[in-house]
Amino acid sequence: MPSQSALHPAGPQAGRIISLWWMMFYVTGAVFLIVMAFLVAALARRRRPYAGEAADVPDVRPEAARERRMSHVVLTGVGLTVVILFVFLIRSYVTGRALDSLHEQDHLTVKVVGHQWWWEVSYDNSTAAYTVTTANEIHIPTGRPVLFKLTSTDVIHSFWVPNLHGKMDLVPGHENVTWLKADQEGTYRGQCAEFCGHQHAHMAFTVVAEPYDKFKAWYDAQLKPAAEPVNPSQAQGRQVFLSSPCVMCHTIRGTDAGSRVGPDLTHVASRGTLAAGTLENTRGHLGGWVVDSQKIKPGNRMPPNNLEPADLQALLDYLQSLK
Amino acid sequence: MKHLLRNIVDAVRGRPAFILPPSAFILLLFASCMREERGFRVSPPPSGRVQTVRLTELQPGPAQPMEVTQNAYEQNAYAVSEGKRLYEQMNCVGCHFHGGGGIGPPLMDARWIYGSDPSQIFSTIVQGRPNGMPSFRNKLNDDQVWKITAYVRSLSGQVEKDVAPSRSDDMSGPPPESSTEKKPPVKSGGIPKSAEMPK
């Protein structure tokens, strides 16, 4: 299970956010405890009886010296509050500036397009042939800043990997940018953080941070066109794919399927999950998803497919060969 | 304010005529919450029979009644709106426009060349028809065609009003000219900002 926790920062951005958060937590926690202590003390304390009166009659008449002392206490409290809030203000401003200061020449650019309810991921490159397109799984090299360009095709989504950075919205017709960097290797779960419809809860993705060598190997593998079928069953599966409505939405590079409505399936078997983090990528899940995805993720755009059993098995053979 | 509230409470107290009708009205409003549930897995009619569907009542021998198919998606607002989305995405708009017709026949009137029954419309989409209607076999699966069928029938009002889509996803046109307010013409400096030479 990949980590998804803002309390375990894996990069400088999340690290700055968490140190600001802990400072606020400790200071406000201390203030809360002090206020509660005063409140308990005030409740427990008995008023001194006035000279010459019965002990159980409280004295409510103001006393000049005591009033003066009390006003000092209140003034000190107000002054302290102002100072604390100013410290918070300055610290959060400084953190905000620092979060925005990751701009570097030597960065990687990743475009993320939000769809109801999955993530289209493409790696920018000045040469079109070196552009990689995948879905729901983002690989980044460690120790190198990554510029994310975020947009959406339908409604507002929000890109959030708690271990690496705060949230950033994906707005239709507008490009938002966010920078992040992963210092530690690992797999981090991200999630849509802006309610975007029926399957908002099933709109997750993973960020895999790995050393540059491994990242480069992954990138080069993703650049290749889809694997050719190596046995008759896989060949039949490809025929099923190309002659059925699958091709109306999906791309498999290296074949005639080139539609951009659904996720790119060129290397679908190399990904860890199906349906934006909803299912583990296994043969059974894939079959269930192809036949009746509305049971798994009601309202998603994938229609049910009534395939002949033999055709379905061949299709699964083929899709599973797309490493 | 306090007195006003007190007066209202006093006036209403002990008089059911003041309380019952509004409460009943509010309770009735709750009925609309259950207008319909989103059915993501409604079974449309089987499509096997559709391959042999009759397209006209004309036939040799004694007259036989036309069969009537029930499309479950016509009772489902979500399915009809999905049909509308597919109608745009599959470029039905390219020929039939938004129902008005142009290159293809209009769909918002109730005249049908190849029949108005859901199974007839289904087979028209799947098989294609002469003079330009392409076949969508293997381009759309049956479920999607049944959704489009439901939407096409809603264009001429064949489905219930509360099921038919109530608005479009794209921008709507300007309000009609009859409701445009009169604006005084600008006398001098006639070039609008948008028509200026770029600087």
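Rule-based calculations on the coordinates, nothing more; no lab input. Just so it is clear, the structure is predicted and the values come from calculations on it, not from any experiment. Reconstructed Cβ throughout: ideal geometry from the backbone, glycine too, with neighbour counts over all protein chains shown.
Each of A:Lys295, A:Lys167 was scored by other Cβ atoms within 10 Å of its Cβ. Arranged with the fewest first, they read A:Lys295, A:Lys167. Under 1.5 on a/c is rounded, so check that first for segment A:232-320, then, if it is not, pick prolate when a/b is larger than b/c and oblate when it is not; a ≥ b ≥ c are the square roots of the alpha carbon gyration tensor eigenvalues. The shape class here is rounded. Our summary gives segment A:232-320 a relative contact order of 36 percent, counting only alpha carbon pairs under 8 angstrom and 6 or more residues apart.
Taking A:Thr151, A:Thr76, A:Thr178 as the candidate residues, the one with maximal mean-square fluctuation in a Gaussian network model of chain A, Cα springs under 10 Å, is A:Thr76.
Counting neighbouring beta carbons within 10 Å and listing from fewest to most, the residues A:Thr266, A:Thr255 come out as A:Thr255, A:Thr266. Within the straight-line cut-off of under 18 Å between alpha carbons, the aspartates and glutamates reachable from A:Lys216 are A:Asp106, A:Asp124, A:Glu137, A:Asp183, A:Glu185, sequence neighbours fewer than 8 places apart in one chain being disregarded.
For trypsin sites (Lys or Arg not before Pro), the sites in segment B:77-144 that DSSP calls loop and that have at most 14 other Cβ atoms within 10 Å are B:Arg111. Here A:Thr28 and A:Arg144 are evaluated by their C-beta separation; at R0 = 41 Å the FRET efficiency comes out at 0.70. Please identify the longest segment of chain A free of exposed GluC sites (Glu not before Pro), where exposed means a DSSP state other than H, G, I, E or B and no more than 15 other Cβ atoms within 10 Å. Here the longest run is A:186-323.
When chain B is modelled as a GNM with alpha-carbon springs shorter than 10 Å, which of B:Arg129, B:Arg13, B:Arg153 fluctuates the most? Most flexible of the set in this elastic network: B:Arg13.
Taking 0.36 nm per residue of separation and subtracting the Cα-Cα distance, full extension of the segment from A:Ala37 to A:Thr81 would add 14.2 nm. Label chain B by shape, choosing from rounded, prolate and oblate, from the square roots a ≥ b ≥ c of the eigenvalues of the Cα gyration tensor; if a/c is under 1.5 it is rounded, and otherwise prolate applies when a/b is larger than b/c, oblate when it is not. Judged from the Cα gyration tensor, chain B comes out oblate (a/c at least 1.5, b/c at or above a/b). At an R0 of 45 angstrom, the distance between the Cβ atoms of A:Ile156 and B:Arg6 translates into a FRET efficiency of 0.45.
Rounded, prolate or oblate for segment A:217-256? Axes are the square roots of the Cα gyration tensor eigenvalues, ordered a ≥ b ≥ c, and the cut-off for rounded is a/c under 1.5. Oblate is the answer for segment A:217-256, as a/c is 1.5 or above yet b/c matches or exceeds a/b. Across chain B, C-alpha contacts under 8 Å between residues 6 or more apart give a mean separation that, scaled by the residue count, equals a relative contact order of 21 percent.
Extension gain, A:Asp220-A:Val291: 0.36 nm per intervening residue step, less the Cα-Cα distance, totals 22.4 nm.
Among the helices of chain A, those built from whole DSSP H runs whose Cα atoms reach 20 Å or more along their own axis and whose mean Kyte-Doolittle hydropathy is at least 0.0 are A:12-44, A:64-99. Legend: mean number of C-beta atoms from other chains within 10 angstrom of residue C-beta atoms, peptide A:288-297, equals 1.
Most mobile of A:Gln294, A:Gln13, A:Gln222 per a Gaussian network model of chain A (Cα springs, under 10 Å)? In this elastic network of chain A, the residue with the biggest mean-square fluctuation among A:Gln294, A:Gln13, A:Gln222 is A:Gln294. For the pair A:Thr109 and A:Glu185, what calculated FRET efficiency results from E = 1/(1 + (r/R0)^6), where r is the Cβ-Cβ distance and R0 = 25 Å, to the nearest 0.05? For R0 = 25 Å, the calculated efficiency reads 0.70. Relative to the longest principal axis of the Cα atoms of chain B, the long axis of helix B:118-127 makes an angle of roughly 60 degrees.
Across chain A, Cα pairs under 8 Å and at least six residues apart give a relative contact order of 16 percent.
Cβ-to-Cβ counts within 10 Å put B:Cys33, B:Cys92, A:Cys192 in ascending order as B:Cys33, B:Cys92, A:Cys192, the fewest first.
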